[in-house]
Structure formats: structure tokens, C-alpha cells
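**Student:** This is the structure I have questions about; it appears just below.
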Amino acid sequence: MNIKEAKDAVKKAVKIYLEHDANGEYRVPVVRQRPLFLVGAPGLGKTAIMEQVASELDIALVSYSMTHHTRQSAIGLPYLKEVKYDGKTYTKSEYTMSEIIASVYDTIQKSGKKEGILFLDEINCVSETLAPAMLQFLQYKRFGNQNVPEGWVVVTAGNPPQFNKSVKEFDVATMDRLKMVQIDPSFTVWKEYARTAGVHPAILAFLELNEKYFYSIRTTVHGKEYITARGWEDLSVEIQAYERNGFPVTQELISEYITDMDCVRKFAVYYDLFKKYRVDYAVTDILAGKNMTEAAAKASAAKYDERLSIISMLMEVIGQDAKSVVSEYHALQGVVKMLRRMKKNTEKSVYEQLVDQIAAIHEEMEKAKAANALSSEKKQLYLREIALLDSYRAVAEPASEKDQFKLVKAAYSKDVAKLDKMQKKEETSMTSAFGFVESSWGNDQEMTLFVTELTLNRYVAEYISTYSNEAYYQHNAGLLVYDEKAKLDREVEQLAEMMDI
């Protein structure tokens with residue numbers, strides 16, 4: 001299965017293992033809760049999906065790489081303890097708590113979350129001395145004399161033997177205690193994630209043309225040459241940083257992340273072409289509806305690789321702006337609910353309530369961080385809500401108590417107006433982009449590709465679901481039926497929700 005399907009399998013297993021009966025007991029007994037074993041080549045995102053599942057299910061996460069553990073750290077250190085049996089005193093060996101189990105309890109204490117995922121990576125690389133204890137752990141979720149707390153699902157991961165010399169193949173007794181999840185690389189699935197994650201458009205366009213370079217690990221006379229999904233994403237971050245600072249992107253830089261030299265050379269050439277396309281096609285002007293005729297005439301004569309690059313450049317800006325609009329929309333939605341509660345509360349001033357609410361969000365964010373379930377998206381939402389509330393606090397502080405809410409409401413209305421301006425800009429960009437693509441290439445494969453890319457980008461899809469876009473529905477008629485009344489109803493309902501305080 002691909003990484004998206006693997007994430008879904010993990011999510012389903014965690015939900016099932018944490019399901020309660022009418023008496024509050026777990027429906028699946030611990031002994032039948034087989035740990036999941038994710039098996040896949042390096043750099044596919046096995047660790048990343050654990051963070052996503054924990055965040056989405058609002059549970060905690062503790063991660064460990066088993067290659068760093070000895071028998072003592074996993075099971076605990078021995079110590080001597082005096083005990084009495086039949087009136088006689090004896091000295092016997094006891095063990096301190098396992099470092100791994102202790103980390104789970106620490107996380108529960110800090111985060112307040114009693115359910116979570118214990119993720120053990122590189123589990124098929126444990127030392128010989130630890131291997132027997134692992135067998136017991138996989139069946140009973142127990143290290144030494146301590147069990148993993150109830151409500152914690154064990155997920156493990158490892159690489160196949162061909163990718164890691166330290167891998168020891170499990171015997172049948174071990175395999176029969178695991179729920180196997182085999183993961184294979186898929187560019188189609190990764191591309192869906194990459195669009196939303198903001199991976200550099202040159203990388204996406206290059207891989208669209210050269211899918212064989214998405215993932216490859218091979219042995220050559222020069223040693224291992226590898227290309228991984230993680231390598232492409234890390235290279236994307238580096239390229240974007242180099243571009244911000246005006247540094248040249250060279251073959252040497254690319255080879256620090258991609259070691260297949262044939263791929264390095266081809267991508268370096270393509271990246272230089274991509275930079276040229278950025279100059280030739282002023283995307284900002286196109287999305288603003290300017291100089292469309294000249295740009296469309298040039299694009300219509302372009303070869304397919306150039307056309308792909310143009311679509312990637314359009315998607316980069318549209319996707320980033322859609323993310324900004326959607327993120328601001330969610331922040332303001334969260335804030336307006338808080339303001340409604342403040343309006344009804346007569347025990348404290350609005351200023352005092354704002355101070356309390358800011359502190360509460362900080363505390364919630366710290367708990368999520370302690371649970372290792374604070375996704376980047378959730379963190380940005382928390383920070384934006386704090387920033388908005390802090391700006392309202394500054395407005396309310398010097399005012400009298402009776403005027404505070406009125407001033408805060410006015411400040412909030414200005415923020416809603418700013419969001420409306422952002423949304424109208426995105427509406428213009430998307431409509432202009434459709435006009436440009438149609439003028440350049442009609443409704444052929446390029447239009448299909450553009451509509452598909454918009455649909456696959458989670459932020460763009462959410463933007464369209466929230467605000468709609470006439471051009472999108474016109475060109476996507478084969479997949480969706482556009483309902484004008486539903487659009488108007490949605491817009492009226494949204495405006496009422498945002499302004500009703």
C-alpha cells in the first residue's frame with residue numbers, strides 16, 4: 001500500500017484499539033492488540049504519519065528509535081531489594097522502570113492525555129541482548145516488570161533488509177505477534193501531500209515529467225545512490241531558502257540531498273530552465289489579469305515541459321494564498337466563538353477575559369506540544385488566535401468596561417474585512433488563471449491537469465468548499481454539479497457566522 005493508505009490503516013487500528021464498551025473497558029483486550037509493523041524503504045514518511053494520526057485523533061505520541069537502546073535502558077536497571085518470605089529475609093533482584101515506559105508516563109503527566117501511540121522505530125535492528133525481551137513486549141506490551149499504560153497503542157516500524165545492514169529478519173514467532181503494513185513509494189500520493197506542504201514547484205514539475213526519479217535506491221560502482229521523498233522535501237526547503245537569500249542553486253547543493261548523479265544533473269538543468277520560465281511568465285501579472293494576451297500567445301507555443309512549469313508556478317501562488325485565506329478564516333471562526341462567550345459573561349470585564357483566554361490558549365498549546373501532537377498547522381492556528389486576541393486586548397485595555405466590547409467588536413470587524421479582501425484577491429487569481437489556461441491551451445489536457453492540481457491541494461479544495469469559485473465549477477463540471485443557490489446560501493451563512501457577536 002502507499003503511505004496514504006498506510007496512514008488510514010494506522011488510524012483505523014488506533015480507533016479500534018481505543019474503542020470502549022458500555023462499561024468503559026477497551027473492547028479489544030491488550031493481548032489481542034497486535035502492534036502494527038510498518039515496513040518500507042527509508043524516507044517514505046513513516047514517522048510523519050504517526051505525528052499526523054496523533055494530532056488528528058487528539059491523542060499523545062511517544063517516539064523512540066530502538067537502535068539507540070540497550071537491554072538495560074529498555075527493561076530497566078537491576079537493583080537489590082530485601083524481602084521477607086515465611087519470616088526469613090532474602091535479597092532479590094528488582095528492576096527500575098524502563099526508560100521507554102517512563103517516557104509514556106511523563107507524557108501523560110505533562111499533557112494530561114491518557115491515551116496515545118507508542119511508536120518504536122527500527123524495531124528490526126535491536127541488539128541481540130534485547131531481542132528476547134522484544135518478543136515479550138510485542139505480545140504483552142511489557143518491558144521488564146512494567147506494562148505500557150492502558151490506552152496506549154503500540155506502532156512499530158522498520159526498513160526491509162536490503163536497505164539496512166543492521167536489520168535482522170523476524171522469525172515466525174515474532175511476525176505472528178504483529179499486524180504487518182507494507183508501504184511502497186507512490187509519486188501520485190506524495191504529490192498530493194507535496195502541493196499542500198508547499199514543495200518547490202520546480203521539483204513537482206520535474207517529477208511530473210520524470211517520475212522514475214521520485215524514489216530510487218540502487219548500488220553502483222560508486223556505492224549507494226539514493227533518491228527519497230524526504231530528500232526531495234528537504235531539498236525544496238533548502239532551495240526556497242537559497243532563493244530568498246539570492247544564493248545560486250548548484251549541482252553541488254542538489255547532490256547533498258539527491259545522490260543519484262544522473263538525476264542531479266537533469267534536475268539542475270531543469271531548475272535553470274524553470275528560473276527562465278519565471279522571468280518569461282510574470283505569474284503575479286497573470287493572476288491579476290494583466291498582460292494576458294502576450295503571455296497566453298507565448299504559452300500556447302510552448303513545449304509540454306514548459307507548460308507543466310507554468311501550471312506549477314500558477315499553483316504555487318494560488319495554493320499559498322488559499323492557505324492564507326483558509327487559515328485566517330479558521331482563526332477568526334475560533335475567535336468569534338470566544339467573543340460570543342465574553343459578551344455573555346458579566347462577571348469579568350472583556351479585557352480580563354481576553355487576558356484569561358490568551359493564557360488558556362498558551363496552556364492548551366503547551367499540552368499539545370507535551371503530547372507530541374502539536375502539528376505545524378495547529379500551532380499556527382493557536383499563534384494566530386493569540387495574535388488576534390492580543391490585538392483586541394490592546395484595544396480594550398485603556399477603555400472603560402462598558403465600551404470595551406464595542407471597541408473589540410469594531411476591531412474584529414476590521415479583521416473580517418481584511419479576510420474579505422484576501423478572499424477577493426484569491427477569487428481574482430483563480431478566475432484569471434482559468435482564463436489564462438483556456439486562452440493558452442483551450443480545454444485540453446493542460447486544463448484537466450490544472451483542475452486536478454487545484455482539487456488535490458487541500459487548502460485550495462477547502463477554499464473552494466468555503467467560498468466557491470465560478471470558473472472552477474465551470475471547468476470541473478464532469479466531477480461536480482454546481483448549484484448557484486447552494487453557493488449563495490453558503491455565503492450568507494458564512495457571513496452571518498463571522499459577524500454574529
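The values are calculated or read from the model by the stated rules, or taken from the named source; none is laboratory data. Everything quoted here is computed from the prediction, not taken from an experiment. Cβ sites come from the backbone with ideal geometry, for glycine too, and all protein chains shown count toward neighbours. What goes into the accessible areas is simple: the full protein's heavy atoms, side chains included, and nothing from ligands, DNA or RNA. Shrake-Rupley method; radii C 1.70, N 1.55, O 1.52, S 1.80 Å.
**Student:** Note down the nm distance, to one decimal, between modelled labels 7 Å out along Cα→Cβ at S465 and at Q182.
**Tutor:** Using points 7 Å along Cα→Cβ, the separation is 3.3 nm.
**Student:** Kindly identify the chain as rounded, prolate or oblate by the Cα gyration tensor criterion: order the square roots of the eigenvalues as a ≥ b ≥ c, call it rounded if a/c is under 1.5, otherwise compare a/b with b/c, prolate if a/b is larger, else oblate.
**Tutor:** Values: a/c = 2.35, a/b = 1.28, b/c = 1.83.
Because a/c hits 1.5 or more and a/b fails to exceed b/c, the chain counts as oblate.
**Student:** As I understand it, the dipole of segment 1-156 uses +1 on the Cβ of Lys and Arg and -1 on the Cβ of Asp and Glu, about the Cα centre. Which of Y105, M1, P29 lies farthest toward its positive end?
**Tutor:** In segment 1-156, that residue is P29.
**Student:** Going from most exposed to least, what order do E233, E82 have by accessible area with a 1.4 Å probe? Intermediate values should be presented prior to the final figure.
**Tutor:** Values: E233 55, E82 140 Å².
Result of the area sort, largest leading: E82, E233.
**Student:** I've got another one for you. Among K46, K402, K179, what's the order by accessible area (1.4 angstrom probe), most exposed first? Write down the numbers at each step before the final one.
**Tutor:** Numbers: K46 20, K402 165, K179 85 Å².
Descending order: K402, K179, K46.
**Student:** Using a 1.4 Å probe, what is the accessible area per residue for segment 435-474, in Å²? Kindly include the intermediate steps, with their values, before the conclusion.
**Tutor:** Working: 1440 Å² over 40 residues.
Dividing the accessible area of segment 435-474 by its residue count gives 36 Å².
**Student:** Continuing with the same structure: Where does helix 458-467 land angle-wise versus the long Cα axis of the chain, in degrees 0 to 90, nearest 10?
**Tutor:** For 458-467 against the chain, the angle is about 50 degrees.
**Student:** If you don't mind, another one. Counting Lys and Arg as +1 and Asp and Glu as -1, each charge on the Cβ, what is the dipole of segment 275-383 about the Cα centre in debye, to the nearest 20? Show your work: numbers first, answer last.
**Tutor:** Numbers: 18 positive and 15 negative charges, 32 e Å.
Magnitude of the dipole: close to 160 debye.
**Student:** How much length, in nm to one decimal, is gained on full extension between V279 and D86, taken as 0.36 nm per residue of separation minus their Cα-Cα distance? Please report the intermediate quantities before stating the final value.
**Tutor:** Details: separation 193, 0.36 × 193 = 69.48 nm, distance 8.89 nm.
Gain on stretching V279 to D86: 60.6 nm.
**Student:** Rounded to the nearest whole Å², what accessible area per residue is found for segment 240-388 with the 1.4 Å probe? All intermediate terms of the calculation are to be shown ahead of the outcome.
**Tutor:** On the way: 7680 Å² over 149 residues.
I get 52 Å² per residue for this part.
**Student:** Quick check for you: with a 1.4 Å probe and neighbouring chains kept, what is the accessible area per residue of segment 181-225, in Å²?
**Tutor:** Result: 45 Å² per residue.
**Student:** Counting each DSSP H run of 4 or more residues in the chain as -39500 (n - 2.57), what helix-only mean residue ellipticity at 222 nm follows after dividing by all residues, to the nearest 500 deg cm²/dmol? Mind showing how you got there, number by number?
**Tutor:** Values: 21 runs with 303 residues, N = 501.
The helix contribution divided over the chain gives -19500 deg cm²/dmol.
**Student:** List the residues whose amide H sits under 5 Å from the amide H of F143, counting only those 5 or more places along or on another chain, with H placed 1.01 Å from N in the peptide plane.
**Tutor:** Amide H to amide H, under 5 Å and 5 or more residues apart or across chains, F143 pairs with V148.
**Student:** For segment 335-485, which whole-number percentage of the solvent-accessible area (1.4 Å probe, protein heavy atoms only) is attributable to carbon and sulfur atoms? Intermediate values should be presented prior to the final figure.
**Tutor:** Numbers: 4260 of 7970 Å².
Here it works out to 53 percent.
**Student:** Then there is this: Can you tell me the length gained on complete extension of the stretch S391 to K290, counting 0.36 nm per residue apart and subtracting the Cα distance?
**Tutor:** Details: separation 101, 0.36 × 101 = 36.36 nm, distance 3.62 nm.
This chain segment gains 32.7 nm when fully extended.
**Student:** If you average the alpha carbon positions of segment 265-316 and of segment 398-474, how far apart do those two centres end up, in angstrom?
**Tutor:** Result: 23 Å between the Cα centres.
**Student:** Straight distance only, please: which lysines reach the Cα of K348 with their own Cα at less than 19 Å, same-chain residues fewer than 8 apart left out?
**Tutor:** Partners found: K337, K402, K406, K409.
**Student:** Nearest-5 percent of antiparallel DSSP beta bridges in segment 99-235?
**Tutor:** So the antiparallel bridges in segment 99-235 amount to around 60 percent.
**Student:** Same structure again: Quick one: if you stick a label point 7 Å off each Cα along the C-beta vector at K421 and M1, how many nm between them?
**Tutor:** So the two model labels end up 4.7 nm from each other.
**Student:** What FRET efficiency do you get for N147 and M175 if R0 is 25 Å and r is their Cβ-Cβ distance, rounded to the nearest 0.05? Write out the running numbers ahead of the final one.
**Tutor:** Working: r = 23 Å, r/R0 = 0.90.
Step by step, r from the Cβ atoms, then E = 0.65.
**Student:** Oh, and also: Probe radius 1.4 Å, ligands and nucleic acids ignored: give me the carbon and sulfur share of the accessible area of segment 190-238 as a rounded percent.
**Tutor:** Accessible surface attributable to carbon and sulfur in segment 190-238 totals 47 percent.
**Student:** Okay, next question. For the chain, what is the relative contact order in percent, using Cα pairs closer than 8 Å and at least 6 residues apart in sequence? Please report the intermediate quantities before stating the final value.
**Tutor:** On the way: 651 pairs, mean separation 80.1, N = 501.
About 16 percent, as a whole number.
**Student:** How big is the dipole moment of segment 39-127 about its Cα centre under a simple scheme where the beta carbon of each Lys and Arg is +1, that of each Asp and Glu is -1, and everything else is neutral? Debye, nearest 20, please.
**Tutor:** Details: 9 positive and 11 negative charges, 83 e Å.
Dipole size: approximately 400 debye.
**Student:** Students often forget the sequence filter, so: which lysines lie under 17 Å Cα-Cα from K81 once same-chain residues fewer than 8 apart are removed?
**Tutor:** Excluding near neighbours in sequence, the set is K92.
**Student:** Specify the angular offset, from 0 to 90 degrees and rounded to the nearest 10, of the alpha carbon long axis of helix 99-111 from the longest principal axis of the alpha carbons in the chain.
**Tutor:** Long axis of 99-111 versus the principal axis of the chain: about 50 degrees.
**Student:** Counting only pairs 8 or more residues apart or on different chains, how many lysine pairs in segment 118-254 have their Cα atoms under 30 Å apart?
**Tutor:** So the count of such lysine pairs works out to 13.
**Student:** Next question. So if I place +1 on the C-beta of Lys and Arg and -1 on the C-beta of Asp and Glu, and nothing else carries charge, what would the dipole magnitude of the chain be about its Cα centre? I want it in debye, nearest 20.
**Tutor:** Numbers: 64 positive and 72 negative charges, 233 e Å.
Rounded to the nearest 20 debye, it is 1120 debye.
**Student:** Taking only Cα atoms, what is the 0 to 90° angle, nearest 10, from helix 187-197's long axis to the longest principal axis of the chain?
**Tutor:** The answer is roughly 70 degrees.
**Student:** Moving on to the next point. What lysines sit close enough to K421 to cross-link, taking a C-alpha to C-alpha distance under 18 Å and skipping anything fewer than 8 places away on the same chain?
**Tutor:** Partners found: K323.
**Student:** Okay, moving on. Restricting the count to DSSP beta bridges whose residues both fall in the chain, what percent are antiparallel, rounded to a multiple of 5?
**Tutor:** Percent antiparallel among DSSP bridges in the chain is about 45.
**Student:** Hey, another quick one. Considering the options V126, Y277, T250, tell which one lies farthest towards the positive end of the dipole of the chain, charges being +1 on Lys and Arg and -1 on Asp and Glu at the Cβ, about the Cα centre.
**Tutor:** Farthest towards the positive end: V126.
**Student:** While we're on this one: For Y281, Y85, what's the largest-to-smallest order of accessible area, 1.4 Å probe? Walk me through the numbers before you get to the answer.
**Tutor:** Numbers: Y281 0, Y85 115 Å².
The residues order as Y85, Y281, largest area first.
**Student:** Work out the charge dipole of segment 294-363 with +1 on the Cβ of Lys and Arg and -1 on the Cβ of Asp and Glu about the Cα centre, then indicate which of A359, L332, T346 is farthest towards its positive end.
**Tutor:** Working it through, the farthest residue towards the positive pole turns out to be T346.
**Student:** What distance in nm separates the simple spin-label points at E363 and Y95, each placed 7 Å from Cα in the Cβ direction?
**Tutor:** It works out to 3.8 nm between the two label points.
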